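The values are calculated or read from the model by the stated rules, or taken from the named source; none is laboratory data. Everything numeric in this text was worked out from a predicted model, so none of it was measured. Heads up, the Cβs are rebuilt from the backbone with ideal geometry, glycines too, and the neighbour counts pull from every protein chain shown. These area figures cover heavy atoms from the full protein model, side chains too; ligands, DNA and RNA do not enter into them. Shrake-Rupley method; radii C 1.70, N 1.55, O 1.52, S 1.80 Å.
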Amino acid sequence: MPAKLSVNLNAIAMLRNRRDLPWPSVIGVGRLALAAGAHGLTVHPRPDERHTRHSDLPEIRALIDDEFPQAEFNIEGYPSEDFLALVEKHQPEQVTLVPDDPAQATSDHGWNFAADSAFLTPVVRRLKKSGFRVSLFSDADPVGMAAARDTGADRIELYTGPYGSYHSDSEKAAKELERLGKTADAAFAAGLQVNAGHDLTVDNLPALARRIPALAEVSIGHGLTADALEYGMTGTVGRFLKACGW
């Protein structure tokens, strides 16, 4: 089965937040994405709410529950106590833990699973006890997969930012793709499932899907939102689904 597509709404929320106005509607755009065939919605509610606001979360939860019950809600963020309480309140199907500093513009690196295991393991245990699937943001490094598994997590999410950054250098992109592929191979061998996200486009997704045919999910925001300015959200979701192999 091809990788499922989760549409990250942060870029939509950031555009809305430029003005004290309710548009573009995060919920309205999320509805368009799901109606067009996206398998889920992703948000990263940072402490300063510069993208998704905490007030968006109950509306997204209700949208999925009431209109698209087959879809999934994925909340990602750094596992502070405030974040964990937010997750427990809004009950996503998946929680993706990222090692972000609050001041970062966007996620730009994965966990050091060996060094961070003592921190991550009780957090993962708490989230799993509440019934959430847990995914850990990961660099392209096969060495850490056993340590990632030992935290109790279900999945890793491959950080594909470097791969996406080589959009005009096919040789470097191919090398980074193989690093991602080897990391996925090691994750599968350790018993983990694999997601991916960051700077993925309709141009670089097909090669990723071919190299990692068992990829479970891709979470895409910036590139998908940029394409939606040209093709509309409905048409863009269709393009990204096709790039995933649907």
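Determine if the stretch 193-212 includes at least one residue that is under 22 Å from V95 (Cα atoms) and surrounded by fewer than 19 Cβ atoms within 10 Å (Cβ to Cβ).
yes
Go through (1) closer than 17 Å to S219 by Cβ; (2) buried (at least 19 other Cβ atoms within 10 Å of the Cβ); (3) more than 15 Å from the chain's Cα centre (by Cα) one by one and return the number of the condition T96 breaks.
The single condition T96 does not satisfy is (3).
Please identify the pairs in which a residue from the stretch 121-138 that is within 14 Å of E76 (Cβ to Cβ) has its Cβ atom under 6 Å from the Cβ atom of a residue that is open to solvent by less than 10 Å² (accessible area, probe 1.4 Å) and in a helix (DSSP H, G or I), counting only partners at least 6 apart or on another chain.
If the second residue must be open to solvent by less than 10 Å² (accessible area, probe 1.4 Å) and in a helix (DSSP H, G or I), the pairs left are V134/V124; V134/L127; L136/A148.
Restricting attention to the stretch 29-73, which residues are of a type in the set (F, W, Y) and surrounded by fewer than 21 Cβ atoms within 10 Å (Cβ to Cβ)?
F68
Among the residues of the stretch 176-183, is there at least one that is under 15 Å from A216 (Cβ atoms) and either hydrophobic (A, V, I, L, M, F, W, C) or open to solvent by 30 Å² or more (accessible area, probe 1.4 Å) (or both)?
Yes: the stretch 176-183 contains one or more residues that are under 15 Å from A216 (Cβ atoms) and either hydrophobic (A, V, I, L, M, F, W, C) or open to solvent by 30 Å² or more (accessible area, probe 1.4 Å) (or both).
Six or more apart or on different chains, Cβ under 8 Å: which pairs go from a residue in the stretch 224-246 that's surrounded by 19 or more Cβ atoms within 10 Å (Cβ to Cβ) to one that's part of a helix (DSSP H, G or I) and of a type in the set (K, R)? Could you list them?
Matching pairs, first to second residue: D227/R239.
If a residue has to be in contact with a Gly (Cβ under 7 Å, 6 or more places away or on another chain), of a type in the set (A, V, I, L, M) and under 17 Å from E93 (Cβ atoms) to count, how many in the stretch 8-53 make the cut?
Here the count works out to 2.
Could you say which residue among P162, P142 is over 24 Å from G223 (Cβ atoms) and either polar (S, T, N, Q) or surrounded by fewer than 23 Cβ atoms within 10 Å (Cβ to Cβ) (or both)?
From the options P162, P142, the qualifying one is P142.
Any residue in the stretch 197-212 that is free of Cβ contacts under 8 Å to residues at least 24 places away in the same chain, outside any strand (DSSP E or B), basic (K, R) and more than 16 Å from L136 (Cα to Cα)?
Yes.
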